[in-house]
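Here the structure comes first, spelled out in structure tokens, and everything after it is commentary.
Bear in mind that the values in this text are calculations on the coordinates, not laboratory data. Keep in mind that what you see is a predicted model, and the values were worked out from it rather than measured. Note that each Cβ is placed from the backbone with ideal geometry, even for glycine, and that neighbours are counted across all protein chains shown.
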Ligand code: SF4
């Protein structure tokens with residue numbers, strides 16, 4: 001297990017932490033604060049789990065960005081999925097989606113009321129379901145970032161090969177680079193370093209970020225999910241801030257290649273096209289989503305069943321939008337650990353273990 | 001949703017799938033999104049699909065850096 005344990009060596013962690021404190025002290029002499037955003041739910045989870053926030057100097061702040069796909073899924077999307085269960089259509093989904101609040105209910109509620117909701121580990125489980133139940137319409141909930149998109153749209157390829165007509169995808173895919181731009185443009189966010197996602201980058205590669213880093217001059221490091229990866233990433237960002245540089249560095253070269261994963265990218269281009277997407281709590285970001293191309297509309301659940309995934313009325317008291325943009329920390333939300341807990345989440349950030357509020361709840365209290 | 005740790009490929013099947021192992025647990029994994037997988041490769045698995053291979057040379061180099069850092073740290077600490 002050297003590819004796991006070796007990346008959790010605590011003496012190496014102390015050594016890097018020491019360097020981080022030295023760099024932070026230099027920044028502090030210049031009255032500088034590092035405000036580093038991790039844009040990936042798995043980073044958020046790792047940072048909370050290994051207590052990384054607690055060992056950092058005061059002037060190094062880690063902010064969780066909108067990198068949990070469940071957290072940025074609109075209430076209207078959940079409403080649409082629930083409405084499908086009321087038409088005897090079966091929903092197949094990753095388990096995280098069950099407790100996400102829609103406008104008034106969750107998919108778990110819909111299931112309690114007799115709706116058919118199947119939890120899948122892989123999108124191919126949904127293909128199997130469709131094959132075994134030819135009379136039943138199966139809709140897979142297509143949420144996720146670039147990492148999840150290729151596995152999900154493999155459903156279309158598989159369904160075409162096996163001539164399955166009873167399976168489709170309700171797409172709400174999201175793309176990371178346009179979200180980075182929106183965050184960099186947002187005056188309230190004020191982040192001066194990005195810890196870029198590991199496995200999203202495994203798909204899209206290193207080079208796609210170059211224009212962004214050049215345009216906004218924000219230090220950016222692609223980092224893996226192990227604690228030493230994250231610490232090295234933070235150290236690299238502090239070095240850049242200290243030297244007033246803004247570069248793109250790939251600290252996760254053992255997985256992330258310059259050009260990304262060609263096969264996965266080709267599949268995305270073949271089946272999908274960019275579209276505006278609505279991010280819960282943040283709003284619409286131009287061309288930050290993907291929908292199925294016209295030729296594949298038989299597999300597009302929103303067209304097949306004429307449903308809209310727009311509108312929706314989430315609980316307005318939830319401040320996920322501010323949490324996801326780093327404007328407040330989860331415990332600054334008045335509902336945190338009161339009305340809103342992982343067992344009874346009010347907002348989506350408390351649902352998935354990758355959500356900022358849930359990670360905070362579990363490890364940081 | 002994302003099992004962030006690399007798994008070892010222990011069996012290749014004809015239909016572009018394989019069996020991977022992590023801590024003695026075996027998983028069926030679709031290998032259609034990566035190129036030329038061989039036995040004993042390490043792969044990153046997400047939602048039942050291998051999404052990229054681990055570059056073992058790169059990984060080993062990193063591990064060496066961490067071992068060096070750890071050694072230097074304990075030498076300093078004890079000295
Ligand atoms: S604590 Fe709950 S209600 Fe508050 S922002 Fe987080 S998810 Fe939303």
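Of all the listed residues (B:44, B:10), the sole one being touching a strand residue (DSSP E or B) at 6+ places or on another chain (Cβ under 9 Å) and more than 10 Å from chain A (Cβ to nearest Cβ) is B:10.
In segment A:354-365, of all residues being more than 11 Å from the ligand (Cβ to nearest atom) and part of a loop (DSSP other than H, G, I, E, B), the one that is nearest to residue A:318 (Cα to Cα) corresponds to A:354. Against the test of being within 10 Å of another protein chain (Cβ to nearest Cβ), surrounded by fewer than 19 Cβ atoms within 10 Å (Cβ to Cβ) and without any contact (Cβ under 8 Å) to a residue 40 or more places away in the chain, the options A:8, A:14 yield a single qualifying residue, A:14.
Any residue that is more than 18 Å from residue A:70 (Cβ to Cβ), away from chain B (no Cβ under 14 Å) and within 15 Å of the ligand (Cβ to nearest atom) - is there at least one of those in segment A:339-353? Scanning segment A:339-353 turns up at least one residue that is more than 18 Å from residue A:70 (Cβ to Cβ), away from chain B (no Cβ under 14 Å) and within 15 Å of the ligand (Cβ to nearest atom).
A single member of A:176, A:156, A:152, A:119 is facing another protein chain (nearest Cβ under 10 Å) and touching a helix residue (DSSP H, G or I) at 6+ places or on another chain (Cβ under 6 Å), and it is A:152. For segment A:331-338, state whether one or more residues are free of Cβ contacts under 8 Å to residues at least 40 places away in the same chain, more than 14 Å from every other protein chain (Cβ to nearest Cβ), within 12 Å of the ligand (Cβ to nearest atom) and at positive phi. For segment A:331-338, residues free of Cβ contacts under 8 Å to residues at least 40 places away in the same chain, more than 14 Å from every other protein chain (Cβ to nearest Cβ), within 12 Å of the ligand (Cβ to nearest atom) and at positive phi: present. Scanning segment B:56-74 for residues that are over 14 Å from residue A:7 (Cβ atoms) and either at the interface with chain A (Cβ under 7 Å from one of its Cβ atoms) or crowded, with 18+ Cβ neighbours inside 10 Å (or both) turns up B:72, B:73, B:74. The residue that is nearest to the other protein chains (Cβ to nearest Cβ), counting only those in segment A:280-312 that are within 15 Å of the ligand (Cβ to nearest atom) and on the phi < 0 side of the Ramachandran plot, is A:280.
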